[in-house]
């Protein structure tokens, strides 16, 4: 049996997505910017995909910008606002637990003269709202906060955060929704900018979306032919964009069923893991059911993860996109956990398509490995 519990990193593309990509790539191969019949046909297909994405996100089609993924979208959203506002506003706010594609952008902007404020959160994933309130003023250009943390599954209260921001400033709120699309409901009136990747929802790698509300203005990072409303020049990846639209349709239409299955498996695993003396569950009960993070106090997390992999069970120890030291979670460290915990955590993440039998097999295998492998956390 092969068990894949690393869905926060990526999931297998839906068969319908692959069929869409192949059909579009073969039948609508023309450049959607070309001024001839085939080009117009490709443009029509592209705009149909844009309307479909907008429909499922409850926004306007002209607010959809196709990208290569959340990393590009995060860069465009954050830098785009800051470079446009830099003469008037030089403060930006985020949390200490963001994805590297947000944190590294903030570090780059600090080098460019911006003042960055990093909000604290606790072990339950509660952001320090007083710290946010005190940080907001007329100099704040942007606040960037993820909807769901990719390592621990914290659900950050985006609607409440948006309300606080608008009451105390005219800053924009950018939401990295990479782990939230198809997993939580995000009201379209609770953010100014939103980003996600296609491959996290059954689409293909190299595709993504930036939602930019009409009253938000960005400085483009790529100049050229003016595609995507002048914000992302370059020939449109029609097959990828249409494949993403298909993945989003499937993801949204199966939300209830997948959520229920993920919740069932999460509760079972949480109960079983809690019965193992050396395991500390770090995902609070308020976390998304699609992510379950736990730590070992007697074994190295990396050793157990490798042993699981050798048994065809695939999990992760940190974010797949993190360039930090392997096996060390800065997300857990920032939450206040001690070094034994943040150096030996394991993340299980689900799509909601897994079977209960897979969860049972994982538990049985883990228990067997913990008995067979000599404790070596020190």
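Only the coordinates and a few stated rules stand behind these numbers; no lab work does. What you are looking at is a predicted structure, and each value in this text was computed from that prediction instead of being measured. Using ideal geometry, Cβ is built from the backbone for each residue, glycine included, and neighbour counts are taken over all protein chains shown.
How large are Rg and Dmax for the range 15-253 when calculated on the C-alpha trace, in angstrom?
Rg, Dmax (Cα atoms, Å): 18.0, 58.
In nm, to one decimal, how far is the modelled label at residue 371 from the one at residue 166, with both set 7 Å along Cα→Cβ?
5.7
Using helices alone, what [θ] at 222 nm do you get for the chain, with -39,500 (n - 2.57) per DSSP H run of 4 or more residues, divided over all residues and rounded to the nearest 500?
Helix-only estimate at 222 nm: -13000 deg cm²/dmol.
Order by neighbour count: 98, 16, 328, fewest other Cβ atoms within 10 Å first, most last.
Ranking 98, 16, 328 by Cβ neighbours within 10 Å, fewest first, gives 16, 328, 98.
Normalised by the number of residues in the chain, what is the relative contact order in percent for Cα pairs under 8 Å and 6+ residues apart?
Relative contact order here is 22 percent.
Does anyone have the angle between helix 158-168 and the longest principal axis of the chain? Alpha-carbon axes, 0 to 90°, nearest 10?
That works out to roughly 60 degrees.
Specify the angular offset, from 0 to 90 degrees and rounded to the nearest 10, of the alpha carbon long axis of helix 100-111 from the longest principal axis of the alpha carbons in the chain.
60
Please list 368-374, 234-240 highest first by mean number of surrounding beta-carbon atoms within 10 Å per residue.
In descending order of packing, they fall as 234-240, 368-374.
What's the FRET efficiency of residue 96 with residue 38 using the Cβ-Cβ distance as r and R₀ = 35 Å, to the nearest 0.05?
0.10
If I model a spin label as a point 7 Å beyond the Cα along the Cα-Cβ vector, how far apart are those points for residue 104 and residue 62 in nm?
So the two model labels end up 3.5 nm from each other.
Could you sort 51-57, 107-113 so that the peptide with the highest average Cβ count within 10 Å comes first and the rest follow in order?
51-57, 107-113
In nanometres, what is the gap between the two model label sites at residue 222 and residue 364, each 7 Å from Cα along Cα-to-Cβ?
4.8
Which percentage, to the nearest 5, of the DSSP beta bridges contained in the chain is antiparallel?
So the antiparallel bridges in the chain amount to around 55 percent.
In degrees, nearest 10, range 0 to 90: what is the angle between the Cα axis of helix 37-57 and the longest Cα principal axis of the chain?
With rounding to tens, the tilt is 50 degrees.
Please work out how much length the chain gains when fully extended from residue 137 to residue 55, using 0.36 nm per residue of separation minus the C-alpha to C-alpha distance, in nm with one decimal.
26.1 nm is the gain from fully extending residue 137 to residue 55.
What are the extents of the Cα atoms of the range 102-227 along their three principal axes, listed from largest to smallest and rounded to whole Å?
41, 33, 28
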